[in-house]
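Structure first, commentary second.
The values are calculated or read from the model by the stated rules, or taken from the named source; none is laboratory data. Keep in mind that what you see is a predicted model, and the values were worked out from it rather than measured. Every residue, glycine as well, gets a Cβ built from its backbone with ideal geometry; the counts of neighbours run over all protein chains shown. Keep in mind that these areas ignore ligands, DNA and RNA; they rest on the heavy atoms of the full protein, side chains included. Shrake-Rupley method; radii C 1.70, N 1.55, O 1.52, S 1.80 Å.
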Amino acid sequence: GGDRDPGALRATRSEMTEVPLTESGEAQWRVVDEGWGRKAVEFATLCEPANVREYVTMHQGLGIGPDDRVLDVACGSGLALELAALRGASCAGLDASPRLIAVAKDRSPDADLRVGDMHDLPWDDGSFDVVTSFRGIWGTTPGALSEVLRVLKPGGRVGLTVWGHIKASPGAWVMSPFTMAPEAKVENQAAMVALGRPGAGEALLSEFGFRDVTRIDVPFVFEFADPEAYARALASTGPAFEAIQAVGEESFLASAIEVAQGQVREGLPLRASVLLVGYVARKGHRSDERDQRSAANDTYKASAGFLRAAEVTPEAQRLFDNDLGGTGYVTNSTRLWAHSPAALEQLSDLLGAVTVAGSLTLEQRSVLVTAAASALGDSYCSMAWGRKLADAVGPDVAAGVISGGVDGLGERERALAKWARLVATDANAIAADDVQALRDAGLEESQIFAITAFVALRVAFSTVNDALGALPDHELGASLPDPVRSSVTFGRPVDEA
């Protein structure tokens, strides 16, 4: 609905659950081994041991014990699974890198370890008591949470970690060589860690149907014997590979050594403390789901805007169930589109196609929808996608986009915001110079077409909602950061009924 991509409403295993693709159209998980697996042994022995504090803290917070079957998603070289097994747990793990899995199997030969995509976990529903992911599920791959929820038993626990405010960390210097990567790669790294922002991880886990979400400050410290050891360990990571591709390994290592030399202390190791955030939550029991469905019955019967309530067909029920499993309530836009679930599915397919064709990240889609919806005067999508944008770039920047500004956005995102407003307000007034501005921002012809189609389809979605009186949901309004809510001074008011 207004709060999600329509495509997210179609099925329990869709993205939010779309599988990320590379620019060539290949499933992104298949190329992870290129960066993370090329120095699997060095990563496992030089870099991963620093994660022990993180693993022990989360295992303790989850109460992992002998009765638990544990899955670690993006398990890497498997040290976390070794530690979970020491607590008596039966362990399984999945990673996209065959070379890292080879190390994990050497460490834990009795564990069920597989190579695969975390958006399509190769285990049955309800297979695990606990699922962990240590900096494996990011702001750029939220759809993996749908699969985590599926493979957990009712009442099962989930534990995730993500980087916190890196720039405010005492050891922020340790990450600085990563900025040698191309700007687009650095921007993507920033989008990945967005889940560490206050409220972001809690909102996302709740949206996917997890309960009792708790945020934990996790102790994390890198330690290295000397600058050379630091540089070698850092070079074994995926983000370093992106920088090495740009500047060469020799230049990367030299720069890393130079950075670390300023941190040398006589008789002590190099030490870098970095802020890390953990989230612990649980999957609801079946009784919880029944109570939730019962509470939603009146919602099904309520009118959707100006139209009477849609007949609750199996297709409409699927939309309602997906909302309950995601947002926890049936949205007004879903109740409206329940009059034609097939139309919503077809619209979702089109949006998915142009999203892939345009190589659009979640942040870029948030910019496009927020700018277009606010220019159109659609309060519903301005609020819903303004919240997503706030998670990515901060509430003040998102509020500025809703108000027509571009301050705080990157160069490409500025161009996208301006283009979305032009398409939404007066497409006939667009001139060749406006298209050239997109080229100047680095967009190719096929991307420009895809982005334009994306905005036009979102305008169509908003137009249907607005014309038929769908109000922004009360729950949505209550979840907005103050700057975002106060900036939406147009369109239909929040549903306070």
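Which residue is nearest to LEU270 (Cα to Cα), if the candidates are limited to the range 174-185 and must be open to solvent by 30 Å² or more (accessible area, probe 1.4 Å) and part of a helix (DSSP H, G or I)? Break it down stepwise before answering.
Of the range 174-185, the ones open to solvent by 30 Å² or more (accessible area, probe 1.4 Å) are 176, 179-180, 182-185.
Now narrow it down to the ones that are part of a helix (DSSP H, G or I): 176, 179-180, 183-185.
Working: SER176: 15, THR179: 20, MET180: 22, GLU183: 28, ALA184: 30, LYS185: 27 Å.
Looking at residues that are open to solvent by 30 Å² or more (accessible area, probe 1.4 Å) and part of a helix (DSSP H, G or I), I get SER176.
Search the range 442-491 for residues being touching a strand residue (DSSP E or B) at 6+ places or on another chain (Cβ under 9 Å) and aliphatic (A, V, I, L, M), and hand back the single one that is surrounded by the fewest Cβ atoms within 10 Å (Cβ to Cβ).
The initial filter retains those residues of the range 442-491 that are touching a strand residue (DSSP E or B) at 6+ places or on another chain (Cβ under 9 Å), namely 468-470.
Still in the list and also aliphatic (A, V, I, L, M): 468, 470.
Details: LEU468: 15, ALA470: 27.
Filtering first and then ranking leaves LEU468.
Can you find, within the range 415-435, the residue that is least open to solvent (accessible area, probe 1.4 Å) among those that are hydrophobic (A, V, I, L, M, F, W, C) and more than 18 Å from LEU457 (Cβ to Cβ)? Can you show your working first?
First, pick out the residues of the range 415-435 that are hydrophobic (A, V, I, L, M, F, W, C): 415-417, 419-420, 422-424, 427, 429-432, 435.
If we keep only those that are more than 18 Å from LEU457 (Cβ to Cβ) as well, we get 415, 429, 431-432, 435.
Details: ALA415: 17, ALA429: 63, ALA431: 49, ALA432: 77, VAL435: 35 Å².
By that ranking, first place goes to ALA415.
Just to verify a result, which residue in the range 241-258, among those that are more than 31 Å from the chain's Cα centre (by Cα) and hydrophobic (A, V, I, L, M, F, W, C), is surrounded by the most Cβ atoms within 10 Å (Cβ to Cβ)?
ILE257
Is it the case that some residue within the range 311-324 is in contact (Cβ under 8 Å) with a residue 40 or more places away in the chain, part of a helix (DSSP H, G or I) and in contact with a Gly (Cβ under 6 Å, 6 or more places away or on another chain)?
Looking through the range 311-324, none of the residues is in contact (Cβ under 8 Å) with a residue 40 or more places away in the chain, part of a helix (DSSP H, G or I) and in contact with a Gly (Cβ under 6 Å, 6 or more places away or on another chain).
How do the pairs read when you match residues in the range 406-433 that are small (Gly, Ala, Ser) with residues anywhere that are part of a helix (DSSP H, G or I) and open to solvent by 60 Å² or more (accessible area, probe 1.4 Å), using Cβ under 7 Å and keeping only pairs 6 or more apart or on different chains?
Correct list of pairs: GLY410/GLU187; ALA424/LEU376.
Restricting to the range 62-77, count the residues that are modelled with pLDDT of 95 or more and open to solvent by 50 Å² or more (accessible area, probe 1.4 Å).
Residues meeting the conditions: 1.
Of the residues ILE137, ILE101, only one is touching a residue at least 60 places away in the same chain (Cβ under 8 Å) and either closer than 16 Å to GLY238 by Cβ or part of a strand (DSSP E or B) (or both); which?
On the way: ILE101 fails: touching a residue at least 60 places away in the same chain (Cβ under 8 Å).
Within the list ILE137, ILE101, the selection yields ILE137.
In this structure, is ARG150 closer than 17 Å to PHE210 by Cα, over 15 Å from the mean Cα position of the chain (by Cα) and either open to solvent by 10 Å² or more (accessible area, probe 1.4 Å) or not charged (D, E, K, R) (or both)?
On the way: closer than 17 Å to PHE210 by Cα: yes; over 15 Å from the mean Cα position of the chain (by Cα): yes; either open to solvent by 10 Å² or more (accessible area, probe 1.4 Å) or not charged (D, E, K, R) (or both): yes.
Yes; evaluated as a whole, the condition is true for this residue.
Do the conditions hold for ARG265, that is, is it without any contact (Cβ under 8 Å) to a residue 24 or more places away in the chain and either in contact with a His (Cβ under 9 Å, 6 or more places away or on another chain) or more than 30 Å from PHE208 (Cβ to Cβ) (or both)?
On the way: without any contact (Cβ under 8 Å) to a residue 24 or more places away in the chain: yes; either in contact with a His (Cβ under 9 Å, 6 or more places away or on another chain) or more than 30 Å from PHE208 (Cβ to Cβ) (or both): yes.
For ARG265, the condition - without any contact (Cβ under 8 Å) to a residue 24 or more places away in the chain and either in contact with a His (Cβ under 9 Å, 6 or more places away or on another chain) or more than 30 Å from PHE208 (Cβ to Cβ) (or both) - is met.
Of all residues in the range 104-126 being touching a Pro at 6+ places or on another chain (Cβ under 7 Å) and free of Cβ contacts under 8 Å to residues at least 24 places away in the same chain, which is surrounded by the fewest Cβ atoms within 10 Å (Cβ to Cβ)?
ARG114
Hey, any hits in the range 1-19 for a residue that's among the acidic types (Asp, Glu), surrounded by 24 or more Cβ atoms within 10 Å (Cβ to Cβ) and at pLDDT below 95?
Going residue by residue through the range 1-19, those that are among the acidic types (Asp, Glu) are 3, 5, 15, 18.
Imposing the further condition that a residue be surrounded by 24 or more Cβ atoms within 10 Å (Cβ to Cβ) reduces the set to 3, 5.
Remaining after also requiring at pLDDT below 95: 3, 5.
Scanning the range 1-19 turns up at least one residue that is among the acidic types (Asp, Glu), surrounded by 24 or more Cβ atoms within 10 Å (Cβ to Cβ) and at pLDDT below 95.
Of all residues in the range 186-240, which are open to solvent by 40 Å² or more (accessible area, probe 1.4 Å), in contact (Cβ under 8 Å) with a residue 40 or more places away in the chain and over 24 Å from the mean Cα position of the chain (by Cα)?
GLU223, ALA225, ASP226, ARG232
How about the range 104-134: which of its residues are assigned to a helix (DSSP H, G or I) and of a type outside the set (D, E, K, R)? Steps first, please.
So in the range 104-134, the residues assigned to a helix (DSSP H, G or I) come out as 104-107.
ALA104 - this is the single residue of the range 104-134 that is assigned to a helix (DSSP H, G or I) and of a type outside the set (D, E, K, R).
Quick check: anything in the range 259-269 assigned to a strand (DSSP E or B) and surrounded by fewer than 19 Cβ atoms within 10 Å (Cβ to Cβ)? Working first, answer last.
Step one: of the range 259-269, the residues assigned to a strand (DSSP E or B) are 265, 268.
Adding the requirement that they be surrounded by fewer than 19 Cβ atoms within 10 Å (Cβ to Cβ) leaves 265, 268.
Among the residues of the range 259-269, at least one is assigned to a strand (DSSP E or B) and surrounded by fewer than 19 Cβ atoms within 10 Å (Cβ to Cβ), which makes the answer yes.
Open to solvent by less than 30 Å² (accessible area, probe 1.4 Å) and assigned to a loop (DSSP other than H, G, I, E, B): is that true of GLY159 in this structure?
Here the answer is no, as GLY159 does not meet what is asked.
Scan the range 343-357 and tell me whether some residue there is buried (at least 19 other Cβ atoms within 10 Å of the Cβ), touching a Phe, Trp or Tyr at 6+ places or on another chain (Cβ under 7 Å) and not in a helix (DSSP H, G or I).
no
Identify the single condition in (1) hydroxyl-bearing (Ser, Thr, Tyr); (2) over 19 Å from the mean Cα position of the chain (by Cα); (3) open to solvent by 10 Å² or more (accessible area, probe 1.4 Å) that THR327 does not satisfy, given that it satisfies every other one.
The one condition THR327 does not meet is (2).
Can you tell me which residue within the range 78-94, out of those that are more than 18 Å from LEU46 (Cβ to Cβ) and buried (at least 22 other Cβ atoms within 10 Å of the Cβ), is farthest from the chain's Cα centre (by Cα)?
Of everything passing the filter in the range 78-94, ALA89 is farthest from the chain's Cα centre (by Cα).
If we keep just the residues of the range 330-342 that are part of a helix (DSSP H, G or I) and small (Gly, Ala, Ser), which is surrounded by the fewest Cβ atoms within 10 Å (Cβ to Cβ)?
Of all residues in the range 330-342, those part of a helix (DSSP H, G or I) come to 332-337, 341-342.
Keeping just the survivors that are small (Gly, Ala, Ser) gives 333, 342.
On the way: SER333: 32, ALA342: 8.
Per the criteria, the residue is ALA342.
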